[in-house]
Amino acid sequence: MRLLFAAVLAASMLSGQRGPAPYYEDTNNIPVSPDVHGDRTVTFRLFAPKAAEVILMGSPGILEFTRKPMPLQKDDKGVWSLTIGPLPPGFYTYGYAIDGGLRMPDPSNPNLELRRWGPTSSFLVPSGQNSVIEERRVPHGTIHVEFYDSKDLDAERMVYVYTPPGYEAGKLKYPVLYLLHGNGQIEASWTWTGRANVILDNLIADAKAKPMIVVMPYGHVPREIKTSSPNPQNDPGAIEKELLTAVKPMVESKYRVLADRNHRALGGLSMGAGQSMAIGLHNLDQFAYIAAFSGGGNRTEWEKADTAMLNQKLKVLWIGCGTEDPGYRGVKSMDDLLTTKKVKHVWNESGGGHSWPNWQVYLSKYAPLLFRD
């Protein structure tokens, strides 16, 4: 009898027979969200029958369109919903604030922007015109995830590395772009959210950019946004040292790269823009290209820099910012300074604010300028 019971129990377990799912795991309660309609309006839905308030949030993401947090309305089945738009084609992030709590991602949406302080949800409104951020049927590169032990920072670190289509099957050496993320973001941000690999795949397929390796390191010192350490280190100089003495040597030892300044570029968004400007200026003997997306450098350092040296060393100095970005004035002042000093550079002023739709476009404009000589 005991053997028979065990056999029946095992068969039951193997067949997946279970009781009804608890309400918090019942997939029947998961509504479609976000629901992107053909007219580019978008409906957000959340099943939360016991909630008293649900607010659509962004950072800025969807706030660039809504301008302010928007309340959802609850129906008699406990589903909250809100339709907005039509939205311009492009990439958006959003989340929900429920009953005055911190913003949370949409449980219906598996697409997330991973951040240092927790994920938020994302979606794409397609253009129907094969924009550079949309996946196409073109040859694809590969994303490698490298783990290493940082002696200087006394921590395990991670680096994302994009190799272009054909890298694994070939023997060629490639130039390298070191691409830095913003405050609160992580090493995965430029691929998971920024779609850097998609952008490079499309540019390379269209012969608009040279095939290149893109290295995306972690730009903070402590991984936790709040740490139990009494003196958490967050020195920008530590990130510069880490890039030069740990990340770059690792990349140049494990990947087929052209290891000279004419084949090395820097670029970054927000915090990474400042890091890019600082690291590039301090190491002109190692980098010939610098880009700053929605962020500026240390004005005092650039004021002191010799114009002739900058114009001789830098093949491209690229700066872009949206007019609705809270930091626009500061970034524009860097453009004004460089113009006054007669430093050759590209100034790209756009609409929009401090968000991925701008940074994705900026990368699509910067990458084609790299490694042309």
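What to note about this one:
- Between 0 and 90°, nearest 10: helix 271-282 axis offset from the chain longest Cα axis: 20 degrees
- Intensity falloff of segment 241-373 expressed as log10 I(q)/I(0), Debye formula with alpha-carbon point scatterers, at q = 0.14 Å⁻¹: -0.60
- Protein heavy-atom surface of the chain, 1.4 angstrom probe: 54% of the accessible area is carbon and sulfur, with nucleic acids and ligands not counted.
- Relative contact order (%) - the chain, alpha-carbon pairs under 8 angstrom, separation at least six: 12 percent
- Solvent exposure, largest accessible area first (probe 1.4 Å, DNA, RNA and ligands not counted), of VAL159, VAL32: VAL32, VAL159
- Spacing of the modelled spin labels on ASN298 and ALA52, each 7 Å from Cα toward Cβ, amounts to 5.0 nm.
- Contour minus Cα-Cα distance for ARG137 and LEU244 (0.36 nm per residue): 34.9 nm
- Treating r as the C-beta distance of ALA207 and MET104 and R0 as 35 Å, the FRET efficiency rounds to 0.20.
- FRET efficiency, 1/(1 + (r/R0)^6) with R0 41 Å, evaluated for LYS171 and ARG40 via beta carbons: 0.35
- The listed residues TRP302, TRP117 rank as TRP117, TRP302 when sorted by accessible area, largest first, using a 1.4 Å probe.
- Against the chain, whose longest principal axis is taken from its Cα atoms, helix 328-341 shows a tilt of about 20°.
- Heavy atoms of the protein chains alone define the surface here; on that basis the chain has 50 Å² accessible area per residue at 1.4 Å probe size.
- Gained length - GLU156 relative to MET309, 0.36 nm times residue gap less alpha-carbon distance: 51.3 nm
- Potential lengthening between PHE147 and THR323 on full extension [0.36 nm per residue; Cα-Cα distance subtracted]: 59.6 nm
- Ordering 42-52, 334-344 by mean Cβ neighbour count within 10 Å, with the highest value first, yields 42-52, 334-344.
- In the list [x] 64, 43, 38; [y] 84, 53, 50; [z] 63, 50, 42, the label attached to Cα extents along the principal axes in Å as derived from the coordinates here is [y].
- Calculated log₁₀ intensity ratio I(q)/I(0) where the Debye formula runs over C-alpha points of segment 132-199, q = 0.12, 0.14, 0.26 Å⁻¹: -0.39, -0.53, -1.29
- Pairwise Cα distances in segment 62-208 exceed 23 Å in 50 percent of cases.
- HIS181, HIS263, reordered so the largest accessible area comes first (probe 1.4 Å): HIS263, HIS181
- Rounded to the nearest 20, the size of the Cβ-charge dipole of the chain about its Cα centre is 580 debye, with Lys and Arg at +1 and Asp and Glu at -1.
The values are calculated or read from the model by the stated rules, or taken from the named source; none is laboratory data. The structure displayed is predicted, hence computed values, not measured ones. For neighbour counting, all protein chains shown are included, and Cβ atoms are generated from backbone atoms with ideal geometry for every residue, glycine included. Just so you know, the surface numbers come from the protein's heavy atoms only, side chains and all, with ligands and any DNA or RNA stripped out. Shrake-Rupley method; radii C 1.70, N 1.55, O 1.52, S 1.80 Å.
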